[in-house]
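A.B. asks: Sharing a structure here in structure tokens format.
The values are calculated or read from the model by the stated rules, or taken from the named source; none is laboratory data. Just so it is clear, the model here is predicted, and its values are computed rather than measured. We place every Cβ from the backbone using ideal geometry, glycine too, and count neighbours over all the protein chains shown. Quick note on the areas: whole protein, heavy atoms, side chains included, nothing else; ligands and nucleic acids left out. Shrake-Rupley method; radii C 1.70, N 1.55, O 1.52, S 1.80 Å.
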Amino acid sequence: MRSPLVANIEMLRLINAWTRDRFQFIPPALAVLSFSFLLIKVLAGLYRALNKTTATNGHGDIVTENGLDENSHSLDGPIIFCFRVLNLLSVLALLSLSIYLVAVDEDVHVLIALVAFYIYVSMLAGCAIFLSPRWRDTSHIHASLLLLGALLVYAYLDVWPLASTDHSDPEIPRDWLIWMRIGLLTLSGAVIPLISPRPFRPQHPDDLPNPEYTCSLLSNLTCSYLDSVIFYAYRVSDITMKDLPPLPRKESAKYIDDKNASKIDPVLVGTKRHVFWGICRVFAKNYARIFLCVLCYSFTVILIPLGIKNLLSYLENGRPQVGFRPWVWVTSVTLGPLILALLNNQYFLESAIIVTEADTLLTQLVFDHSLRIRMKSDLLEDRRKSYKGDGKKALTSDHTSSATTPASVEEETRVEDTVSGAQIPAGTHTPVESSETPKMETDSSVMDKTEGEEKAKVNGAQLTGKINNLLTTDLNQIKYTQDVLRIPGTLIQVVVAMVFLYSIIGWSSFVGMGIIVVCLPLPTYVSKLVMQAQKRKMEKTDARIQAVTEAMNVLRMIKLFAWEIKILDQITKNRETELRWVRYGKLLDYLGLHNSNSIIPIVSMICTFGTYTLIMKKPLTASVAFSAISVFNIITRQMYLIVWQLPEALRLKVSMDRFNEFFNETELLDNSSATNKVSAFSAPSPSPDVIGFNAGTFSWTDINKSQSTKSAMRIFRLHFDGEVMFRRGGINLIIGPTASGKTSLLMALLGEMYCKPHGPGSWYNLPRDGGIAYAAQESWVLNETVKENILFGEPYDQQRYQKVLKQCALERDLGLWEAGDQTEVGEKGLTLSGGQKARVTLARALYSRAEILLLDDVLAALDVHTAKWVVDKALKGDIVAGRTVLLVTHNVALTSSIADFVITLGKNGRVADHGSISDILQNDAKLRAAFEKEKALTEKIDVYEEGKDDEEVKKSAGKLVVPEEKQMGRVERAALMLFFQGFGNGVFWFITLFSKILTTVLQIARPVWIAYWSSQYASGMQVPALRYLGMYSLIQLAQIVFDSLGLFLWVVGTIRASRIVHYKLIQSIFNAPLRWLDTVPIGRVIIRCTQDIDALDNSFSGTAINFLEVSISVIGNFFVSIYMAGWPALLSGGIMVALGGWLGMVYLKAQLCIRREMSNAKSPVMSQVAQTLAGLPSIRAYGAEGRFRSVLRNRQDVYTRAALTFFTINRWINIRADCLGTMFSSVVTVYLVYFTTTRAGSVGLTLTVVTAFAQEILWWVRLYNLTEIQSNSLERILDFLRIEHEPAPVESGKPPAYWPSSGSLRAEGLSARYSDDGPEVLQDLHFDIASGERVGIVGRTGAGKSSLALALLRTIQTTGTVHFDGLPMHSINLDALRSSVTLIPQQPELLSGTLRENLDPFKQYDDATLNDALRSAGLFQLQDERKPAVAGSSSAAADAEEGSALGLDTQVDAGGSNFSLGQRQIIALARAIVRQSKLLILDEATAAIDYETDTAIQTSLRTELSKDTTVITIAHRLQTIMDSDKIMVLEAGRLVEFDTPKNLFQKDTGLLRALVDESADSARLREIAGIQE
């Protein structure tokens, strides 16, 4: 039976409509087309030149708009010149040969046309040497294409007939002239164009020569241009980014954004078009080239079974089924895989471009869009409520919400693992997403309920987390949109395979196809279960990641409160729940989906063979059996791929929708340049220069829409009932109690809040033409040096810079650091104290040239003398003079003398009063009394003098954050042992390996049995087909059973290993000292606990089992090949193994280095995004969006440079592995066909095994590489297991049950330092504090106040002895000590959830206790005073609607972002009171609280705490500690004063007295201390 494909092959040599002479007219015809094209191009160029002025460079060379010479007389270097001269000589030789043939041949018409053709081509070859670069390249391309066309014509006419089994046409002369012509055409039309380097043609002045674009076409096809990088990496211990090829300009972030942003950016597009269409426009050409590769691959894949069929037919009958010589089919069998590999290679090269460019483009797009949207937690959720969708869409809308997938690892997995067709061995598991669920709930109501619960949890998450998810999980899906194009390719392959199968076995193929169609719903259903399980697993993963991320963000608090064990238990419970779903999902995937995909083709093949032999009564010869098996292997692979690709397409759609929702549904700021509306107010301001408000309400939620009021939701509104205008050119104070809306007022001016006008005359305005500088209350600093934080992109002016340092009191701080202003501030400014961060932020604002300064409570974190210095030197200084300042402050006494205008806010968010300072004083009796006392004081000499440093204070180094380590060489064995030891013991490993080995043996036994079966027909006797078919089925069944057993054991072992490694990692981090946390960015810690653990759960374990299976299969097929083919297989196989092993080592050394560079390059990109989102109000206020875009682009370019090299090097090894496999299969096949008399069945068996081996060897190299690369996650986890740890609890360290019974504290020789080589921050302290005493600690910035608090909790290195309730602290276990002492740090940390969960995270206390703690902390006092002035007024009604009362059920956003800093300090104080510790340490715990509330809190602490509770208060506000029983004064780490306040005031030269005398309210302080004037 002849198939259409076979008929088409024969038609290639039976084109009778054409004669030989007519075929020879094709090259001249192509020359005419070439000449016409060039003529039109020349005329068009002349026309353009006549219509515009052309610049020259003085030499007559044309200069283009980008400044590059259009003409150059350079000849492109000696190598290119020599190749083009050789090309010219070859064409001249062809011309001479044609002229000779004209002289001796009678038929001159064709030859004359050919002479003209070669004359034209020789002219083009000459022009390719001597013309301008533009025309040189054009001429060379035309000449090469014309010669290639001529080569194809003569190859068909003169060479193709030799492939036929019929005698060659006697009319075709084959003398030396013919072969010379073929040789010259091959040289000039193929060899020279392929091996000649390409000239460097810069399109921009910044373009650099890149080997990818200057190498030859052959080098580009085989990636040989990377040889220098790869072999250099093999010779040296490590390579860095500078050793990689330079990034082409067209792959740079700026170029990609400039070129494509207008096609996809929703703001620039102008319509809410789905992001899918934008991506299609951007990558349309790439998708077209990829689809062409897929199409060619789909039709070429049939070459191997076609060759096997005809080779075995030749061995059986002495003649192939199609009339070509055996060497044609040998070539088909041996070179078929290489052709497929080349097509695959081009697919992956094009995919790498899409992957990197999509990463670059979408990262920038999300970043740019984030700079112009409202940052609020419920932004996307609000939009979802109005977004219509069906239940199924809702089910899958959030499955990618976890940011656990490691981008770099997943990229490699996606690009490498999802190869088409022959690249996947039949026994290998396609990387379908792991999924989990012990118990499925299919009822829709249950699903909807679960979905609603999950969304309720997500509502509290920050938009920042959603953006990070877009840039990790969702971006990783969208980068691989090209994989969807494989779905039509898969369908084409199945159709082609079935057509070919029909040509082999007739209508019995329909039986097999029918079974596949009937059984197809089974894998579809299992795939649906996998998707549902994946959804459930992702929800559990999200819960764990949320717990881990939040724990890591508040890890300092966890350690200070001794919560490590309890939090570890919580995380472990979340992990166990997640692992149950991971186990279920993997079992469902491996045993359900994998087996269904395996069984269906097997049943189909068995039924097909049964029908063919038992019903059709035809012999199952070797040519039929092995070619049919080859086809069924193709169908099996396509079933794996289609079942994997369809869910991937659905996941892609979900990620597309999430991006689309972010771009099209998020709300832009009213004053964003990307939106047409300026504000919601209908009236303009009275003057463009005015700063102020009139008749409007501002809120963090959209108050222009109706909202459902929830008791647990806290809604704050800022009201302006009348006109309020700030004084231009002066200092404007904004004062008011805690949570009155002072910060919100600045945010409203900056346009960060929603606004609702009260009427047509409403307006608000903040002129931006002169620039805005903003210093936030929670100081936002970059993870850069102090100098870079102050300059903030401004040009360096030394005089202004030094003046700013002096006025902000930073000179002394810089003198304490070895690196000075080059000191790194660390992540979130962790190297700086709160006061230092505040002054750096203030210095940034002062140094800027902005006309308007918005300063949000910058004095709160400063001690009194530093605050006085800043007010006197900075705010009264020449740099601030003439600029408009809006200063939020609680320190009215200190700043009232500089105020030109004051606005007072009430606790209900309304303006209580505004006007000049005299008007405010007249209306406010309390403030007036304080002011009159200040005037009576004599101005004291400022004790604080810059430059007088204590000589004994040691300087610290400027570098703090430890760079992420990059391992060198191979993955450490200890990293792999983490997995192996956790997997199971030796017996468990043996059973697992034995089951996989037996599976491979049975897999090889299948073709062996088929070969034996087919050989029985040669005897001529009747063959019992049913018996053979039954045995074949039994072998298949046994293979499935042992395969399933091995996979089950693998799942159990990997789950066990994942559980153990995760527990060790979290435990190691929790036991690390605080100093380690200071030197390691928290983002790096979170990545270890999320991405690296996820890699262990999914990608590493999946790759490892595939590597194990392929390794066993490769070994088995290799030995079978040697057994069947003898010494040729042994010799060629030995050469292949030796070369392959060496190339693998060379490749792996380079790839590991580049992979690590790639991993390290991705972190700065994500850090830049997170850092920018954290300081978005500041960045927008400064108008610094462009600068941050530029920084992101630079970091993205570094990542792209490594990523492109990473992907291309994979292609380098693939090509070489394919060539080695082709060499091995060619030698074995040629030997079997031409040099043996082996039976067809044995040859078919050998060809099957050899072909499988040749394909698997490439797959093995890939998997070996992937396993090593993904082991990098284990390596990184191992690094975190080896960090320094705090002392572990011991039995002797457990204190008595009654301890502590009192709060007595005695220190003897206490000294402390932060690191082994660091200076002593505390030096030889001796003090004794009785139980129940209240002790205040004061001192200048850097005196060691906070260090003393940390030393008491043993969080830093200490010497000396401290006794707490009679026991030395160093002998007590850390968990016992810290659970008995409570420290409230300067920056309070809150958890997302309810207020109750923050006060009592482990549910140990009742609500009455929690409410008492809130009352003692002063929270209820704030609410009692939040009452409208007139009952029943409109303002009262508005306040009632706001629902701003706080209770235990009030929701707390992550980090407490929905509370003011003062409120967070109150909540943290309440949490400490709940613990009822005998020792309570307050470290600036009330710095952001107004004086009145602070006083009430201190009074409450005196009355509410037990009499034996010792309270140590660290404060800059002297009034906070002046009523203490004792006051401790620290200076440069030494205890200089320690006594009662009254006794310390008796010292005329005492430091405390000097601090009080400097204070503007010294009289009040003396009164508090009980000292009479």
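A.B. asks: Amide H to amide H, which residues 5 or more places from Val1321 or on other chains are under 5 Å from it, using H placed in the peptide plane?
C.D. replies: Those lying under 5 Å, H to H, from Val1321 are Ala1312, Arg1313, Tyr1314.
A.B. asks: Translational D (Stokes-Einstein, µm²/s) of region 1261-1356 at 10 °C and 1.306 mPa s when Rh comes from the Kirkwood sum over C-alpha pairs?
C.D. replies: So the translational diffusion coefficient is about 89 µm²/s.
A.B. asks: Just to compare against my own numbers: the Cα pair-distance distribution for region 1313-1356, 5 Å bins, whole % per bin, please.
C.D. replies: Taking all Cα pairs of region 1313-1356, the binned fractions are 5, 17, 27, 28, 14, 6, 3, 0 percent.
A.B. asks: Which semi-axis lengths, in whole Å and largest first, follow from the square roots of five times the eigenvalues of the Cα gyration tensor of region 457-554?
C.D. replies: Ellipsoid semi-axes (Å, largest first): 45, 17, 8.
A.B. asks: Another one. Let me see the pair-distance distribution of region 696-855: every alpha carbon pair, 5 Å bin width, integer percents in order.
C.D. replies: Bins of 5 Å from zero give 1, 8, 14, 17, 15, 13, 11, 9, 6, 3, 1, 0 percent of pairs.
A.B. asks: Next up: Given the Cα atoms of region 988-1128, and with Rh set as the inverse mean 1/r over their pairs in the Kirkwood sense, what is Rg to Rh to two decimals?
C.D. replies: Taking Rg over the Kirkwood Rh, I get 1.25.
A.B. asks: Ok, one more. Kindly list the residues of region 629-671 that lie in the label zone of Leu520, defined by a backbone N under 12 Å from the point 7 Å along the Cα-to-C-beta vector.
C.D. replies: 639, 642-643
A.B. asks: Amide H to amide H under 5 Å from Val1452: which residues, 5+ apart in sequence or cross-chain, H placed 1.01 Å off N in plane?
C.D. replies: Gly1393, Thr1394, Leu1395
A.B. asks: Okay, moving on. How large is ³J(HN,Hα) for each residue in region 577-587, as worked out from phi by the Karplus curve 6.51 cos²θ - 1.76 cosθ + 1.60 (θ = phi - 60°), to whole Hz, x for Gly and Pro?
C.D. replies: Calculated HN-Hα couplings, in order: 4, 5, 5, 4, 6, 4, 5, 4, x, 5, 5 Hz.
A.B. asks: Give me the 1.4 Å probe accessible area per residue for region 184-259, excluding ligands and nucleic acids, in Å².
C.D. replies: So region 184-259 comes to 48 Å² accessible per residue, rounded to a whole number.
A.B. asks: Which order do the peptides 561-573, 1191-1203 take when ranked by the mean count of other beta-carbon atoms within 10 Å per residue, highest first?
C.D. replies: 1191-1203, 561-573
A.B. asks: Continuing with the same structure: Once region 780-890 is represented by equal point scatterers at the alpha-carbon sites, with solvent omitted, what log10 I(q)/I(0) does the Debye formula produce at q = 0.21 Å⁻¹?
C.D. replies: -1.21
A.B. asks: Take the Cα gyration tensor of region 114-255, multiply each eigenvalue by 5, square-root it, and list the three semi-axes largest first, rounded to whole angstrom.
C.D. replies: Taking √(5λ) for each Cα gyration eigenvalue gives 40, 22, 11 Å.
A.B. asks: Jot down the per residue volume, in cubic angstrom and as a whole number, of the convex hull over the alpha-carbon atoms of region 1150-1279.
C.D. replies: With only Cα atoms used, region 1150-1279 gives 138 Å³ per residue.
A.B. asks: Then there is this: Over region 504-633, with every protein chain in place, what whole percent of the accessible area is carbon and sulfur at 1.4 Å, could you tell me?
C.D. replies: Ligands and nucleic acids excluded, carbon and sulfur give 67 percent.
A.B. asks: Please turn the phi angles of region 1196-1210 into ³J(HN,Hα) values with the Karplus equation 6.51 cos²θ - 1.76 cosθ + 1.60 (θ = phi - 60°), one per residue in order, whole Hz, x for glycine and proline.
C.D. replies: Result, rounded to whole Hz: 5, 4, 4, 5, 5, 4, 6, 5, 4, 5, 4, 5, 5, 5, 4.
A.B. asks: Continuing with this model, one more query. Show me 1053-1060, 530-537 ranked by packing, highest mean number of other Cβ atoms within 10 Å first.
C.D. replies: 530-537, 1053-1060
A.B. asks: Order of 1240-1247, 982-989, 354-361, 749-756 by packing, highest average Cβ count within 10 Å first?
C.D. replies: 1240-1247, 354-361, 749-756, 982-989
A.B. asks: Here's a follow-up. Can you give me the orientation-averaged projected area of the convex hull built on the Cα atoms of region 1061-1204, in nm²?
C.D. replies: The directionally averaged projection comes out at 12.9 nm².
A.B. asks: Could you compute Rg(Cα) / (2.2 N^0.38 Å) for region 178-277, with N its residue count?
C.D. replies: It is 1.62.
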